[in-house]
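Novice: I have a structure here, written as structure tokens, and I will follow up with some questions on it.
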Amino acid sequence: MSDSTATNRADAANDRLYGLAAEFDSPEAVLEAARAARRDGYRSMDAYTPYPVEGLDTELGHPPSKLGYVVLAVGLAGVLIGFFLQWYASVEFYPLNVGGRPLNSWPNFIVITFEVTVLLSALAAAGVMLARNGLPSLHHSVFNTPGFERVSRDRYFLCIEASDPSFDLQATRGFLEGTGALAVTEVER
């Protein structure tokens, strides 16, 4: 067999491989495994846990979320939109002088302004979060991992993706087995 044939077979195997998933039984174990993987140079990895594990996102190399800034900007826009719509309706479009009160009675506008702010902020937060997470996604390759259904109850998984520059099937498998994983499984696309 020639070297090019062996290379083509290895490329075909890597094309069908999403990565390697390691199963752990505690949040401390998956956190320590992620920390060790980061130290060893792995960058394309993700963890799956039944609840948020403090510090895990940092160990996985995820930067802090900028979602709060988006929600703040949309909330400020909501304040301006909500107030402007009420002001325009009361002062410009349909002025109605009741009892000699000023047309621009801003205290009356506070409740609706607040409601518009909350509505637009919530919609922006949900929309940006869904878009950023690539949702809705009906299937992900890691769902094929044996035992993965337990991730919603009592198991923790760390998946190092085959797209990682440091990924080598045998070396990565040895590394994950050395972290104390209960099982290491190949995840196919």
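The values are calculated or read from the model by the stated rules, or taken from the named source; none is laboratory data. The structure presented is a predicted model; accordingly, all values stated were derived computationally and were not measured. Using ideal geometry, Cβ is built from the backbone for each residue, glycine included, and neighbour counts are taken over all protein chains shown.
Novice: Within region 174-189, can you find the residues that are closer than 13 Å to Asp40 by Cβ, touching a residue at least 24 places away in the same chain (Cβ under 8 Å) and not hydrophobic (A, V, I, L, M, F, W, C)? Walk me through it before giving the result.
Specialist: Taking region 174-189 as the starting set, the residues that turn out to be closer than 13 Å to Asp40 by Cβ are 174-176, 178-179.
Next, only the ones that are touching a residue at least 24 places away in the same chain (Cβ under 8 Å) stay: 175-176, 179.
Once the filter is applied, which keeps residues that are closer than 13 Å to Asp40 by Cβ, touching a residue at least 24 places away in the same chain (Cβ under 8 Å) and not hydrophobic (A, V, I, L, M, F, W, C), region 174-189 yields only Thr179.
Novice: Turning to a different aspect of this structure: Pairs needed: first member in region 101-125, of a type in the set (A, V, I, L, M, F, W, C); second member anywhere, surrounded by 14 or more Cβ atoms within 10 Å (Cβ to Cβ) and outside any helix (DSSP H, G or I); C-beta distance under 9 Å; at least 6 residues apart or different chains.
Specialist: Listed by first residue and then by second, the contacts come to nothing, as the list is empty.
Novice: Tally up the residues in region 155-179 that are closer than 19 Å to Asp25 by Cα and surrounded by 15 or more Cβ atoms within 10 Å (Cβ to Cβ), please. Walk me through how you get there before you give the answer.
Specialist: Step one: of region 155-179, the residues closer than 19 Å to Asp25 by Cα are 155-160, 173-179.
Remaining after also requiring surrounded by 15 or more Cβ atoms within 10 Å (Cβ to Cβ): 155-160, 173, 175-176, 179.
Residues meeting the conditions: 10.
Novice: So, in region 88-102, how many residues would count as being in contact with a Leu (Cβ under 9 Å, 6 or more places away or on another chain) and either surrounded by 13 or more Cβ atoms within 10 Å (Cβ to Cβ) or closer than 30 Å to Gly127 by Cα (or both)?
Specialist: 2
Novice: Whether any residue in region 8-24 is of a type in the set (S, T, N, Q), within 28 Å of Asn133 (Cα to Cα) and under 20 Å from the mean Cα position of the chain (by Cα) is what I want to check. Break it down into steps so the answer makes sense when it comes.
Specialist: Of all residues in region 8-24, those of a type in the set (S, T, N, Q) come to 8, 14.
Retained after the next criterion (residues that are within 28 Å of Asn133 (Cα to Cα)): 14.
Subsequent filtering for residues that are under 20 Å from the mean Cα position of the chain (by Cα) retains none.
Within region 8-24, not a single residue is of a type in the set (S, T, N, Q), within 28 Å of Asn133 (Cα to Cα) and under 20 Å from the mean Cα position of the chain (by Cα).
Novice: From the list Leu80, Leu103, pick out the single residue that is of a type outside the set (Asp, Glu) and assigned to a loop (DSSP other than H, G, I, E, B). Even if it seems obvious, please write down each step before you answer.
Specialist: Numbers: Leu80 fails: assigned to a loop (DSSP other than H, G, I, E, B).
That would be Leu103, the only listed residue that is of a type outside the set (Asp, Glu) and assigned to a loop (DSSP other than H, G, I, E, B).
Novice: Go through region 114-132 residue by residue and tally those that are under 14 Å from the mean Cα position of the chain (by Cα) and surrounded by 13 or more Cβ atoms within 10 Å (Cβ to Cβ).
Specialist: Of the residues in region 114-132, the ones under 14 Å from the mean Cα position of the chain (by Cα) are 125-132.
Remaining after also requiring surrounded by 13 or more Cβ atoms within 10 Å (Cβ to Cβ): 125, 128-129.
Within region 114-132, residues that are under 14 Å from the mean Cα position of the chain (by Cα) and surrounded by 13 or more Cβ atoms within 10 Å (Cβ to Cβ) number 3.
Novice: Just checking, how many residues over region 133-154 are part of a loop (DSSP other than H, G, I, E, B), over 17 Å from the mean Cα position of the chain (by Cα) and either modelled with pLDDT of 95 or more or surrounded by fewer than 14 Cβ atoms within 10 Å (Cβ to Cβ) (or both)? Explain how you work it out, then say what you get.
Specialist: So in region 133-154, the residues part of a loop (DSSP other than H, G, I, E, B) come out as 133-140, 145-147, 153-154.
Checking the rest, the ones that are also over 17 Å from the mean Cα position of the chain (by Cα) come to 145-147, 153-154.
From what's left, either modelled with pLDDT of 95 or more or surrounded by fewer than 14 Cβ atoms within 10 Å (Cβ to Cβ) (or both): 146-147, 153-154.
Of the residues in that region, 4 qualify.
Novice: In region 77-95, what count of residues is obtained for those that are farther than 12 Å from Glu115 by Cβ and touching a residue at least 40 places away in the same chain (Cβ under 8 Å)?
Specialist: Applying the first criterion (farther than 12 Å from Glu115 by Cβ) to region 77-95 yields 77, 80, 84, 87-95.
Now restrict to residues that are touching a residue at least 40 places away in the same chain (Cβ under 8 Å): 77.
Matching residues across region 77-95 total 1.
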